[in-house]
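To start, the structure under review is shown below, and the notes come after it.
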Amino acid sequence: MPVIDARDVYKTYEGKGIPVHAVNGISFAVEKGEFTAVIGPSGCGKTTLLNMVGGLDSITSGQILIGGTHIDSMSERELTDFRLHRIGFVFQAYNLIPVLTARENVEFIMELQGVSAAERAERSHQLLTDVGIAEKADIRPSQMSGGQQQRVAVARALASQPEFVLADEPTANLDSHSTADLLDMMLEMNQTSGVTFVFATHDQRVIDRARRVIALDDGKIVSDTANG
Amino acid sequence: MLWHMAWRNVWRNRVRSLVIATAIAFGLVGGVFSYAFMMGLVNQAVRNAVRTELGSFQVHNPEYPADRDLRFMVDDTAALLTELRGLPGVVGASARIVGTAMLSSAEGTAAVRIAGVDAARDGDISNLAEELIEGQYLNPDERIPILISREMADDLEVKLKSRVVASVVSPSGEIVYGAFRVVGIFKTVDSLFDKSSVFVTREDLAELTGFADNTASEIIVRVEPRDAGDAVAARVVAAHPELLIRTWRDLSPQLQLAADFGSIFGLVFLAIILTALGFGIVNTMLMVVMERTREIGMLMALGMARARVFWMLLYETAFLSMVGGVAGLALSFVLLGYLGRTGINMQAWAEGFSAIGYDSMIYPETTVAFYFQVAGMVLVTAFLASIYPARRALKLLPAEAIRSDT
């Protein structure tokens, strides 16, 4: 069963009385363990598509199944709970909680899930070690570089033990070196732990490392190819 | 962790939080001070009235109050006084003969309320002896002593040892005249009382008016603590339905009104200040929500339920308010502790205060319970002030908020 199964998904906005199809009848599936990039020019609908898959935005028509569960008919509350337990997010602008340390940022998700303090401490330590930033555990985001913050964001995304991680332009604010480090780390997690990653990106460095590339234009899939 | 986050969020913009907390603190100091000042003023007036004139409650013949006719007296006062003095909380009970009189000197005449008091026991219920500024208190061994106020002494142009003549209507309806010698001059904070009250010994007034032994116009009873007076009065009412029992509240409804109004006014004033501060808090929290739109969207996107977002903002508002509230209450406590000892001298307005029975030296008063009450009001204000900003936050759509510039 695919982790993500999008079937004939539409997202239409009413712009000045003229319907605008941000996502125009997209169907695709992502299997467990994929390392997939959704690419395309600005405004092609990739962020909208990721938001819908992540339960952050509603769909106009079609179906989205996550691990076999329809999310298109879920209530707001169900979607919040769904996101918390089954999806990890990495955003473009780091988006860590600035008043919490790296460790607290990672533990925060687990606390929302109701994980015990002892387990939170153990798992957050392991995750921060996995992303290579354990020594920064008690430091707040403002004292970290962009690359370090994005590593914490990945650790946080994995803290909820999600079925997959959605990463929206995760490297947009990073320099080449940090981007390479981050991609190496995520690829290693993908290969060793089978973590499924889906990126929305137009960063060629990410596209080059992805094993599958779905290209969008005008809200439609124009190509879906295996990479390398 | 929500508490931690909220507390740390308060200090993300340290200057702004300190400004609003300082505003809350000084607002509270103003409100608490006003309340304490008002309560000090009113309580002092009540204490003075109870201690100087009214007692906790008074016992009369039901016919007496209409025109203070000496014919309507309380009988068998000795037994009644013994009974009253035996009641719990009663620290003093004293019988008086009280009538109206014209007091004359060579230079003038004044209408007065003349009270014949038991010189040995009246100190239990009245602090008149402490209010003497010249001479001495009534001494039954002296001949026809009378105490008059400073104002009356000036009006009648008399001094210590001067003779004055009182004309009084006796119980039989006759007008009788008696000469008295001024042995003491008093001055209380209540100029109205001073202008209309003179005191002689019960024996002299009884002899002058033919008042029978073991009777009195009134019995004044003092109860401590003051608040217990009503309960004791209620017991006497139940035991003596044939008598008229009136507490200081009944005897001086204007004072009762002032006491009620004082506390209500203080609380209303405090509520107005807190409301104004509440709008300041709303403004601050709206800025917080606007500045953290992306962050709040991110929290929702990660799976933080809207209820938790609401609570986080509520905690932040509560912490912000509590910082100001605790500082304000601590400052108030110190300030009122100091002023409660030294008093606030309103000498410039002494005449005006005295005209309405108030002392010009005011000692602000509060209770510990009041501080808790104010703390509760601050928390309620914080809660109410957080609702609108929190609702604004809850209306954010995560997908849009994440893309926000703030």
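The values are calculated or read from the model by the stated rules, or taken from the named source; none is laboratory data. Keep in mind that what you see is a predicted model, and the values were worked out from it rather than measured. Quick reminder, even Gly has a Cβ in these numbers, built from the backbone with ideal geometry, and neighbours come from all protein chains shown. Side chains are part of the model used for accessible areas, which takes the heavy atoms of the whole protein and leaves out ligands, DNA and RNA. Shrake-Rupley method; radii C 1.70, N 1.55, O 1.52, S 1.80 Å.
Of note:
- Local electrostatic count, A:Asn51, Cβ distance below 12 Å [Lys/Arg +1, Asp/Glu -1]: +1
- With Cα atoms, 0 to 90° folded angle of helix B:14-49 axis to chain B main axis: 10 degrees
- Compared with the dominant principal axis of the Cα atoms in chain A, helix A:76-86 is inclined by about 60°.
- Averaged over the residues of B:8-15, the number of partner chain Cβ atoms lying within 10 Å of the residue Cβ comes to 2.
- Chain B - mean residue ellipticity at 222 nm from DSSP helices (-39,500 (n - 2.57) per run, n ≥ 4, rounded to 500): -17500 deg cm²/dmol
- The angle between the Cα long axis of helix B:368-394 and the main principal axis of chain B comes to about 30°, on a 0 to 90 degree scale.
- Percent accessible area from carbon and sulfur atoms, segment A:4-226, protein chains only, probe 1.4 Å: 48 percent
- Based on the reciprocal of the average 1/r between different C-alpha atoms, the Kirkwood radius for segment A:4-226 equals 17.8 Å.
- For segment B:74-160, the list of GluC sites (Glu not before Pro) that fall in a loop by DSSP and count at most 16 other C-beta atoms within 10 angstrom reads B:Glu107, B:Glu142, B:Glu157.
- Rel. contact order, % - alpha carbon contacts under 8 angstrom, at least six apart, chain B: 27 percent
- Exercise: per-residue mean of other protein chain Cβ atoms within 10 Å, A:107-118: 2
- Set A:Lys46/B:Lys395; A:Lys32/B:Lys395; A:Lys11/B:Lys395 screened for pairs whose C-alpha atoms are more than 23 Å apart: A:Lys46/B:Lys395; A:Lys32/B:Lys395
- Largest GNM mean-square fluctuation across B:Thr201, B:Thr367, B:Thr22, computed for chain B with C-alpha springs under 10 Å, falls on B:Thr367.
- Ordering B:Asn9, B:Ser321, B:Pro241 by Cα displacement along the dipole of chain B toward the positive end leaves B:Asn9 in first place; charges were set at the Cβ atoms of Lys, Arg (+1) and Asp, Glu (-1).
- In segment A:91-105, the residues that give up 20 Å² or more of accessible area when the other protein chains are added, compared with the chain on its own (1.4 Å probe), are A:Phe91, A:Ala93, A:Asn95, A:Ile97, A:Pro98, A:Val99, A:Leu100, A:Glu104.
- Remark: segment B:347-361, residue by residue, has Karplus-estimated 3J(HN,Hα) of 3, 4, 10, 4, 4, x, 4, 4, 4, 10, x, 10, 7, 7, 9 Hz, where x stands for each Gly or Pro and the curve is 6.51 cos²θ - 1.76 cosθ + 1.60 at θ = phi - 60°.
- For segment B:305-389: relative contact order, % (alpha-carbon pairs under 8 angstrom, 6 or more apart): 42 percent
- Helical content of chain A, expressed as a calculated mean residue ellipticity at 222 nm, amounts to -11500 deg cm²/dmol (DSSP H runs of 4 or more residues, -39,500 (n - 2.57) each, divided by residue number, nearest 500).
- Among B:Gly266, B:Met287, B:Ala301 - extreme Cα towards positive end, dipole of segment B:230-308, charges at beta-carbon: B:Ala301
- Net charge dipole size for the protein assembly as shown [Lys, Arg +1 and Asp, Glu -1 on Cβ; Debye, nearest 20]: 1760 debye
- Peptides B:93-102, A:60-69 ranked from most to least packed by the mean count of surrounding Cβ atoms within 10 Å: B:93-102, A:60-69.
- Working note: Karplus 6.51/-1.76/1.60 with θ = phi - 60° gives segment B:290-303 the couplings 5, 5, 10, 4, 5, 5, 5, x, 4, 4, 5, 4, 6, x Hz, where Gly and Pro are set to x.
- Other residues with beta-carbon under 13 Å from the beta-carbon of B:Ala206 carry, at +1 per Lys or Arg and -1 per Asp or Glu, a net charge of -3.
- Rounded to 5, percent antiparallel among DSSP beta bridges of chain A: 60 percent
- Relative contact order of segment A:20-164, defined on C-alpha pairs under 8 angstrom at six or more residues apart (%): 27 percent
- Note on A:Arg120: accessible area is roughly 40 Å² with a 1.4 Å probe, heavy atoms of protein only.
- When the charge dipole of the protein assembly as shown is built from unit charges on Cβ atoms (+1 for Lys and Arg, -1 for Asp and Glu) and taken about the Cα centre, the candidate among A:Ser223, B:Leu379, B:Met102 whose Cα reaches farthest toward its positive end is A:Ser223.
- Within the accessible area of segment B:339-389 (1.4 Å probe), percent carbon and sulfur: 68 percent
- Buried between A and B is an accessible area of approximately 2200 Å², summed over both sides with a 1.4 Å probe.
- When chain B is treated as a GNM with alpha-carbon contacts under 10 Å, the residue of B:Gln254, B:Gln44, B:Gln58 showing the greatest mean-square fluctuation is B:Gln254.
- Mean partner shielding of peptide B:397-403, defined as the number of other chain Cβ atoms within 10 Å of each residue Cβ, is 6.
- Under the Karplus curve 6.51 cos²θ - 1.76 cosθ + 1.60, θ = phi - 60°, whole-Hz ³J(HN,Hα) for segment B:187-201, x wherever Gly or Pro sits: 8, 9, 7, 9, 5, 5, 4, 4, 6, 10, 10, 10, 10, 10, 7
- Solvent-accessible area per residue for the protein assembly as shown (1.4 angstrom probe, square angstrom): 44 Å²
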